Amino acid sequence: MAAPHADELEGLSRSEVLKASPRMFDSNLLDKVSRVHPAVPPIIFIPVIGFLLAEGIVHGSSWATPLWILGGYVFWTLTEYWLHRVVFHFEPDQGIGARLHWIIHGVHHDHPNDPLRLVMPPSLSVPLSSLFVLGFYAVLGSPAFLPFGVGFLSGYLAYDMLHYHVHHHTPRTALGKLLRELHMRHHFQDHERGYGVSAPFWDYVFGTPLKPRR
């Protein structure tokens with residue numbers, strides 16, 4: 001792993017730094033796979049979600065299918081909150097831990113408008129999602145794990161697309177504007193609060209809501 005390439009950012013304005021996409025690795029291959037177009041997650045996960053849903057229905061999840069889907073979605077929102085709070089914002093001051101934090105999430109806070117580092121690259125999302133689905137199978141069994149996985153992966157995909165949207169577009173709906181405001185305040189006002197991106201209600205449940213603006 002290489003140190004951040006700060007020399008690439010010299011002379012840039014604040015706006016240019018926020019949307020910059022500096023190298024993360026000396027290896028050209030590793031640096032290339034650290035970037036991903038936002039269209040990639042839907043291309044990968046929509047067919048998978050459709051397959052899991054069809055398999056669940058075929059194998060008899062029947063009337064309970066909507067409940068399992070809802071359960072999977074709720075579990076995703078909890079995963080999103082705690083992953084963001086505990087893993088992404090674990091910030092050692094130095095050494096390998098500090099470097100790993102910068103790779104996992106610090107680079108996003110340094111350059112939040114980088115258009116190619118706003119959704120999770122398949123090199124991480126595919127193995128992680130596979131592990132989660134296997135875990136659902138181990139705990140819930142078949143066919144319940146199939147629609148539960150549908151809810152979980154749909155929640156993840158919605159989060160990834162929402163995250164890109166609030167960074168690069170101006171939402172028109174009241175809900176969209178609220179979610180964008182909360183996430184921007186997490187970035188620029190208080191990064192130790194406001195961990196819920198697609199489900200900010202968990203911040204109120206776990207005591208980390210953003211404080212009211214003066």
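Is it the case that some residue within region 112-130 is buried (at least 17 other Cβ atoms within 10 Å of the Cβ), under 29 Å from residue 63 (Cα atoms) and not basic (Lys, Arg)?
Yes - at least one qualifying residue is present in region 112-130.
What pairs come out if I take residues in region 154-179 that are without any contact (Cβ under 8 Å) to a residue 12 or more places away in the chain and pair them with residues that are of a type in the set (A, V, I, L, M, F, W, C) and open to solvent by 80 Å² or more (accessible area, probe 1.4 Å) whose C-beta lies under 7 Å away, six or more apart or interchain?
Pairs found: none.
I need a count of the residues in region 56-78 that are surrounded by 17 or more Cβ atoms within 10 Å (Cβ to Cβ) and not aromatic (Phe, Trp, Tyr).
7
Which condition does residue 73 not pass, out of (1) modelled with pLDDT under 95; (2) assigned to a helix (DSSP H, G or I); (3) touching a helix residue (DSSP H, G or I) at 6+ places or on another chain (Cβ under 6 Å), if it passes all the others?
All conditions pass for residue 73, except number (1).
Which condition does residue 52 not pass, out of (1) touching a helix residue (DSSP H, G or I) at 6+ places or on another chain (Cβ under 8 Å); (2) open to solvent by 40 Å² or more (accessible area, probe 1.4 Å); (3) at pLDDT 90 or above; (4) not β-branched (Val, Ile, Thr), if it passes all the others?
(2)
Looking at 45, 51, which is the one that is without any contact (Cβ under 8 Å) to a residue 40 or more places away in the chain, of a type in the set (Phe, Trp, Tyr) and under 30 Å from residue 136 (Cα atoms)?
On the way: 45 fails: without any contact (Cβ under 8 Å) to a residue 40 or more places away in the chain.
Unique residue meeting the criteria: 51.
The values are calculated or read from the model by the stated rules, or taken from the named source; none is laboratory data. These numbers were taken from a predicted model, which means no experiment stands behind them. Reconstructed Cβ throughout: ideal geometry from the backbone, glycine too, with neighbour counts over all protein chains shown. Note: accessible area is taken over every heavy atom of the protein model, side chains too, but ligands, DNA and RNA are not part of it. Shrake-Rupley method; radii C 1.70, N 1.55, O 1.52, S 1.80 Å.
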